[in-house]
Amino acid sequence: MTDLNAIFAPGMLVAHPDQPDWGTGQVQSNINGKITVNFPDQGKVVIDGTRITLIPIVIPD
């Protein structure tokens with residue numbers, strides 16, 4: 001199984017697919033499938049990358 005969350009690096013913006021009300025979060029770290037994300041309306045959350053596939057957010061220039 002491919003780990004789609006492996007692409008996420010600190011500073012990247014993401015959304016949680018099941019929690020849209022959390023807003024756009026910023027990746028703090030991605031270590032061994034545990035992704036720490038700081039969401040503006042939820043705070044720091046550790047995501048289990050084997051259970052949840054985050055949605056990348058791209059802001060156009």
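General observations
- Residue match in region 30-48 (condition: part of a loop (DSSP other than H, G, I, E, B), among the hydroxyl-bearing types (S, T, Y) and under 9 Å from the mean Cα position of the chain (by Cα)): no
- Of all residues in region 1-29, exactly one satisfies the criterion of being part of a helix (DSSP H, G or I) and of a type in the set (D, E), namely D21.
- Consider region 25-61 and keep the residues that are touching a strand residue (DSSP E or B) at 6+ places or on another chain (Cβ under 9 Å) and surrounded by fewer than 10 Cβ atoms within 10 Å (Cβ to Cβ). The one that is modelled with the highest pLDDT is V58.
- Residue in region 10-24 that is in contact with a His (Cβ under 7 Å, 6 or more places away or on another chain), surrounded by 15 or more Cβ atoms within 10 Å (Cβ to Cβ), free of Cβ contacts under 8 Å to residues at least 60 places away in the same chain and not charged (D, E, K, R) present: yes
The values are calculated or read from the model by the stated rules, or taken from the named source; none is laboratory data. Owing to the predicted nature of the structure, the values given are computational and were not obtained by experimental measurement. FYI the Cβ positions are ideal-geometry reconstructions off the backbone, even for glycines, and counts take in every protein chain you see.
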